[in-house]
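Engineer: Next up is a structure, given as structure tokens.
The values are calculated or read from the model by the stated rules, or taken from the named source; none is laboratory data. Here the structure is a predicted model, which is why all the values come from computation and not from measurement. Cβ sites come from the backbone with ideal geometry, for glycine too, and all protein chains shown count toward neighbours. Ligands, DNA and RNA are excluded from the accessible area calculation, which covers all protein heavy atoms including side chains. Shrake-Rupley method; radii C 1.70, N 1.55, O 1.52, S 1.80 Å.
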Amino acid sequence: MGLLTGPMPLIPPSGGTGAGQQDKGPNVVALGGGHGLSASLSALRLLTSQLTAVVTVADDGGSSGRLREEYAVLPPGDLRMALSALCDDTDWGRTWRDVMQHRFRPGKGPGGSLDEHAMGNLLIVTLWELLGDTVAGLKWAGALLGARGEVLPMSTVPLTIEGDVRITAPDGASALETIRGQARCAVAGSLEQVRLLPEAAPACVEALTAIELADWVILGPGSWYTSVLPHLLLPEMRQALCHTAAKRCLTMNLATDTKETSGMSAADHLHALRRYAPGFSVDVVLADPASVPDLSEFEKAAEMIGAEVVLGKVGASGRRPIHDPLRLATAYQDIFGNS
């Protein structure tokens, strides 16, 4: 298809403040999925033009799940969100970000096949069909958006998350029940064991290369069992993350006791990381002090994975536990500089 599509277009137009007009900055790879990865990318794109997002591909709900099932493709939703987060802060970038995030609502007539689909998901799948290449399709989407960085899938095949959750029977006895799918695992309560299927799924080669060449690898924030840990459950990617010469930063969530991690403290999150990837070490753990009520326990857990704890106010003002891009960028800049 290269002969039909021609060379990669130079977008946005030269009048914008593209990535080429700023200092390159460190070579950074950010891993995760969904809103957590979007938060780290929104911050990191302010610091470097050498930025690669490696995205989970296990989503099976909503528009992504429908497209995954109907067309046997990678779920595009988290990839779309990463691309949108990397949009340049110009009229061009903001417009295309809104286009990518636009979601079709039910019309006045009978229900249609576009209902609840995100426009960006349809665009990405269209590029995949035209080009026959997942990575090339994402590069074209990034060029259209004027993205400050590259977006890659963690695997070249759709993945499935499977977990065990403890349930209580009517007679009071407890037992483990296996549930399958990211959408179900995300609201399971307390997962006792998580697996990635297929167990030996291939990692994206370009993602492995990016990790190998990085100066910094950023893992998190995000849903712990369905966005963060999956990168360490994929054998080839776990090996790359354990052996890269890059420094590693783990960004903690602002809210730890969620539908997916019911009853877990910040320290418990680190213990889970250690349990699933005992060979993986971390240089820095970044946390908002408000999310770490027991600092002593948290520091002991961080020491267990070889990490220094860096506390910084990175949450946005307001009631919702979301990261503020500028505050997060400032924290990352300090961490990179102090290294």
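Engineer: Show me the helices (runs of 4 or more DSSP H) found entirely inside the stretch 122-224 where at least 1 residues are open to solvent by 60 Å² or more (accessible area, probe 1.4 Å) and within 23 Å of residue 259 (Cα to Cα).
Structural biologist: By residue number, 182-185.
Engineer: Among the residues of the stretch 276-304, how many are more than 15 Å from residue 192 (Cα to Cα), in contact (Cβ under 8 Å) with a residue 24 or more places away in the chain, in a helix (DSSP H, G or I) and open to solvent by 20 Å² or more (accessible area, probe 1.4 Å)?
Structural biologist: Residues that pass the stated criteria total 5.
Engineer: Name the single residue that is farthest from residue 315 (Cα to Cα) among those in the stretch 242-264 being open to solvent by less than 40 Å² (accessible area, probe 1.4 Å) and hydroxyl-bearing (Ser, Thr, Tyr).
Structural biologist: Only one residue fits best here, namely 244.
Engineer: Right, next: Pairs only if they're at least six apart or on different chains, beta carbon under 7 angstrom, first in the stretch 218-241 and at positive phi, second small (Gly, Ala, Ser); list them, first residue then second.
Structural biologist: Matching pairs, first to second residue: 220/32; 220/36; 222/32; 222/33; 222/34; 222/36.
Engineer: In the stretch 183-242, what residues are modelled with pLDDT of 95 or more and among the acidic types (Asp, Glu)?
Structural biologist: Passing the criteria: 206, 212, 215, 236.
Engineer: Take the residues in the stretch 21-60 that are among the polar types (S, T, N, Q) and open to solvent by less than 10 Å² (accessible area, probe 1.4 Å); name whichever of them is nearest to the chain's Cα centre (by Cα).
Structural biologist: Residue satisfying both the conditions and the ranking: 56.
Engineer: Is it the case, given these coordinates, that residue 273 is of a type outside the set (S, T, N, Q) and assigned to a strand (DSSP E or B)?
Structural biologist: no
Engineer: Next question, about the same structure. Give the number of residues within the stretch 303-322 that are within 27 Å of residue 277 (Cβ to Cβ) and at pLDDT below 95.
Structural biologist: Qualifying residue count, the stretch 303-322: 3.
Engineer: How many residues does the stretch 68-103 contain that are touching a helix residue (DSSP H, G or I) at 6+ places or on another chain (Cβ under 7 Å) and aromatic (Phe, Trp, Tyr)?
Structural biologist: 2
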